[in-house]
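Step one of this worksheet: look at the structure below.
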Amino acid sequence: MLETAQLKIGDKTYDLPVIEGSEGEKAIDISKLRDQTGYVTLDIGYKNTGATQSAITFLDGELGILKYRGYPIEQLAAKSSFIEVAYLLIYGELPTEEQLKAFNFDLSHHTLVHEDMKKFFDGFPSKSHPMGQLSSLVCSLSAFYPESLKQNQTPEELNLSIIKVLAKMPTIVSWIYKKSLGHPYIYPQNKYDYVTNFLNMTFGQRTEVVDIDPVIVSAMNTLLILHADHEQNCSTSTVRIVGSSASNIYASVSAGISALWGPLHGGANQEVIEMLQKIQEDGGDTDKWIAKAKDKNDPFRLMGFGHRVYKNFDPRAKIIKKACDDILEKLGIDDEVLEIAKKLEEVALKDPYFIERKLYPNVDFYSGIIYRALGFPTDMFTVLFALGRLPGWIAQWKEMKEHKEPIGRPRQIYTGATNRDYTDIKNR
Ligand code: SDX
């Protein structure tokens, strides 16, 4: 017998079905609430609202658990590659050798962008924010691949648009970076794997082959894996709701990039480094800045701390923190901001303000320190988050379409002026 929830309104009692997920999460299904009761629910910020049923990513905020298609993030970060994880997220299973080979073959044959796209790159002011460029450039792919606008694409057509957006993203990201330096673009080379190709296009100073340090390739794979999906976060929910209107994949991903840009979301990784640098310039007084973060009259927040779901350690932050030490040591880099970050964490985790509010370091707290060590400028950090999150956005968009979910259209409670008549401007 399935559990039901009872809702009492006035002298009436309504039975609402309860559904349970494969990991024991429970939800009250209110999909017929308004028809039954005339009431809607109100949950600003959707803190208690499930938007869908998904088989892609599971996270437990209390226990600090994160799994992609059932595989613990710790195992994937230690043993897998970003492209293998992308395949897992999008198609639901770890690929066989043959499947992975075919996937890499398909990707490597769609890495070029149309030469006319260079006109868009040239149109941006050289110091404009890379996230604004990325969102525009990804959406512009729909202009070059109008077949993606077709409604009711066949599975093969839909998969081709998935391959194209996944394959072209590293080229677009690296060319945004090259343009910011005034350097020539470096073209993708099919013989490289996905991550090495990206690093070569990004850091290759010349058109010849650049020896990319395996430490950097490994670090980049780990960071991209850790960012690959995170269930119904702000940007993923944006990709799903835009896709629910039958908008094409490029426009849906472009909308997700715009949502990720926000400093409360993916933009936090840039904010963290800028915050650490400000603390460093201010003499490194972590107690002073912790006090500012706690002061309600001070707009300063400890960026990279806190999370809507994790009320324990973000498992990704744990892995990245350890990777920080390993990579900086291997690259022989001694970065003072890492020490400031560790001190902030140590002080904050003992402070009742943070303990009471269950504020722990999240994925953004340490990631920027590695990006910096790898040679990326701060304003590219959120673009790198988008590069990592792309397979998750694609997987969630694909699942929404496969489930034939209806167009997303939340309700509201109106609180404005009630009925009134128009008045002539002379009488106002
Ligand atoms: C990401 O959702 C995802 O999965 C996102 C993400 C992903 O992979 O997609 O994990 C990636 O976006 C990580 C989060 C990156 N953002 C930041 O690091 C920005 C700093 N963090 C916060 O702004 C905040 O913690 C949020 C936005 C992450 C979560 O905000 P919530 O859930 O809406 O919580 P809240 O703002 O209501 O805060 C609850 C309390 C408040 O204090 P009180 O009003 O109860 O007294 O905690 C305080 C807040 O003032 N608080 C902080 C704080 N974060 C929350 N105080 C100081 N510093 C902080 N960072």
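The values are calculated or read from the model by the stated rules, or taken from the named source; none is laboratory data. Because the structure is predicted, anything quoted here is derived from the model rather than measured. Cβ atoms come from the backbone with ideal geometry, glycine included; neighbour counts cover every protein chain shown.
Brief remarks follow.
- Within segment 282-304, residues that are closer than 16 Å to Pro352 by Cβ have Cβ atoms under 7 Å from residues that are among the aromatic types (Phe, Trp, Tyr) and in a helix (DSSP H, G or I) in these pairs: Lys294/Tyr353, counting only partners at least 6 apart in sequence or on another chain.
- Residue that is farthest from the chain's Cα centre (by Cα) [pool: residues in segment 304-315 that are assigned to a loop (DSSP other than H, G, I, E, B), within 26 Å of Asp43 (Cβ to Cβ) and within 12 Å of the ligand (Cβ to nearest atom)]: Lys311
- Filter result for Glu356 (surrounded by fewer than 17 Cβ atoms within 10 Å (Cβ to Cβ), within 11 Å of the ligand (Cβ to nearest atom), farther than 22 Å from Ile257 by Cα and of a type in the set (D, E, K, R)): yes
- From Lys278, Lys296, Lys342, Lys318, residue being within 30 Å of His230 (Cα to Cα), in a loop (DSSP other than H, G, I, E, B) and basic (Lys, Arg): Lys296
- Cβ pairs under 7 Å, 6+ apart, first in segment 234-253 and in contact (Cβ under 8 Å) with a residue 24 or more places away in the chain and among the polar types (S, T, N, Q), second away from the ligand (no atom under 16 Å from the Cβ) and part of a helix (DSSP H, G or I): Ser244/Met400; Asn248/Ser142; Asn248/Ser148; Asn248/Leu149; Ser252/Val242; Ser252/Gly243
- Against the test of being under 22 Å from the mean Cα position of the chain (by Cα) and of a type in the set (Lys, Arg), the options Arg428, Arg389, Arg357, Arg411 yield a single qualifying residue, Arg389.
- Counting only residues that are part of a helix (DSSP H, G or I) and closer than 19 Å to Gly256 by Cβ, segment 121-153 holds 16 of them.
- Filtering Tyr414, Tyr422 for residues that are closer than 30 Å to Ser31 by Cα, aromatic (Phe, Trp, Tyr) and not in a helix (DSSP H, G or I) leaves a single hit, Tyr414.
- Of the residues screened, Asn200 is not one that is within 20 Å of Phe105 (Cβ to Cβ), assigned to a loop (DSSP other than H, G, I, E, B) and in the same structural domain as Ala102 (by TED's automatic domain parsing).
- Every residue from segment 233-292 that is within 9 Å of the ligand (Cβ to nearest atom) and of a type in the set (Asp, Glu): Glu271
- Test: residue in segment 175-182 that is part of a helix (DSSP H, G or I), more than 20 Å from Gly123 (Cβ to Cβ) and out of contact with any Gly (no Cβ under 8 Å at 6 or more places or on another chain): no
- Wholly within segment 1-92, strands (runs of 3 or more DSSP E) carrying at least 1 residues that are touching a residue at least 40 places away in the same chain (Cβ under 8 Å): 57-60, 65-68
- Checked against the criterion of being within 16 Å of the ligand (Cβ to nearest atom) and under 30 Å from Leu328 (Cα atoms), segment 215-223 contains one or more residues that satisfy it.
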